[in-house]
Amino acid sequence: MTTKNQQIAARSYQPEFKELLQAVFKKQSYFADFFGGGIEALDGVQFNENAFYVKTSDIPVVVGTAYDTGENVAFGTGTGKTTRFGDRTEIIYTDTPVTYSWEWVFHEGIDRHTVNNDFEAAVSDRLELQAQAKTQTFNKHHSSFITATAGKTFTLEGYTADDIKELFNETSKYFTQIESIGTRVAKVTSDIYNAIVDHQLTTTGKNSTVNIDNNEVVKFKGFLVQEVPDSMFTGTVAYFYIAGVGKAFTGINTARTFESEDFDGQALQGAGKAGEFILDDNKRAVVKVIYATPAEGE
């Protein structure tokens with residue numbers, strides 16, 4: 001005796017959901033630039049502990065003091081025994097495992113009697129909406145990750161023009177002193193963003209780019225600035241970092257439909273794991289900003 005599940009086979013949507021998730025992430029992720037502009041998504045993965053391996057090296061780059069041109073260095077009595085390039089350092093890369101740290105799921109049903117739409121169209125719509133919902137979940141996890149891995153913490157004393165200027169000056173100096181290379185980014189709350197827009201230094205003559213008509217700051221004190229909802233910050237009011245210092249990833253275990261025995265239609269299910277990664281050395285290029293706690297009575 002056949003069953004409905006045998007008459008209408010379960011269908012996998014993992015490749016489709018992977019593409020949707022990556023596309024939505026690029027448009028709706030608040031911290032995509034922290035992770036190089038996108039999320040690495042793998043479909044069809046099993047419940048593995050490790051997402052992938054990265055090759056790292058703890059050996060610093062050694063710069064010689066000078067090219068030795070001595071008469072008996074590499075020549076004369078030093079032939080075959082010396083080198084003008086100085087001591088040679090062997091570079092050895094280590095395979096570092098990157099593990100998943102959290103999971104996501106969705107479980108919906110499409111009833112033929114109530115859906116009021118083409119079945120395949122309904123599936124496509126729901127997968128896209130689930131990709132949007134998962135991106136919001138990624139945003140919150142990514143904020144927590146940035147907070148946890150920041151190598152430097154600054155305190156904002158207030159939201160006056162002088163307070164904001166001091167914060168950006170201090171942070172700019174810090175990134176310069178650690179010799180950071182790359183695009184400097186600042187993600188800030190609405191209060192900080194508005195203070196920047198209203199600041200007298202936000203002019204093209206002060207190394208800033210601003211469109212007052214659209215209330216949009218593009219660059220301030222050398223940082224690309226973006227306003228982020230306050231709810232996206234985890235115990236902080238701003239993040240400063242070099243773009244591309246981390247990596248975000250997710251593994252899609254399943255994204256499928258199958259005939260349900262509980263109603264006349266099909267269940268839509270999905271599950272996966274996700275995580276984030278940053279090299280220890282790169283944590284120095286991540287700054288979190290906390291707001292000063294007012295003294296009692298203030």
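The values are calculated or read from the model by the stated rules, or taken from the named source; none is laboratory data. Remember, it's a predicted structure, so these values are computed and weren't measured experimentally. FYI the Cβ positions are ideal-geometry reconstructions off the backbone, even for glycines, and counts take in every protein chain you see. Areas reflect the complete protein model, heavy atoms only, side chains present, ligands, DNA and RNA absent. Shrake-Rupley method; radii C 1.70, N 1.55, O 1.52, S 1.80 Å.
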Return the distance in nm (one decimal) between the two label points of a simple spin-label model at ASN48 and GLN132, each offset 7 Å from Cα along Cα→Cβ. 3.3
So how far apart, in nm, are the two label points at THR155 and THR183 if each is 7 Å from Cα heading toward Cβ? 3.3
Given THR135, VAL98, VAL123, which one lies farthest toward the positive end of the charge dipole of segment 86-143, if we put +1 on the Cβ of every Lys and Arg and -1 on the Cβ of every Asp and Glu? THR135
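For GLU108 and THR96, compute 0.36 nm times the residue count separating them, minus their Cα-Cα distance, and round to one decimal in nm. Don't jump to the answer; show the numbers that get you there.
On the way: separation 12, 0.36 × 12 = 4.32 nm, distance 3.73 nm.
Computed gain between GLU108 and THR96 is 0.6 nm.
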The pairs in LYS26/LYS219; LYS165/LYS221; LYS18/LYS187; LYS26/LYS247 lying past 19 Å Cα-Cα in this model are LYS26/LYS219; LYS18/LYS187
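Using a probe radius of 1.4 Å on heavy atoms only, what accessible surface per residue do you get for segment 65-197? Whole Å² is fine. Intermediate results must be reported in sequence, preceding the final value.
Values: 7920 Å² over 133 residues.
Accessible surface, normalised per residue, equals 60 Å².
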Would you mind checking which residues have amide H under 5 Å from LEU156's amide H? H placed 1.01 Å from N; only 5 or more apart, or other chain. ILE290, TYR291, ALA292
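Give the peptides 100-108, 25-33 in descending order of average Cβ contacts within 10 Å, highest first. Could the numbers behind the result be given before it?
On the way: 100-108: 14.8, 25-33: 18.0.
Most protected by this proxy first, the peptides run 25-33, 100-108.
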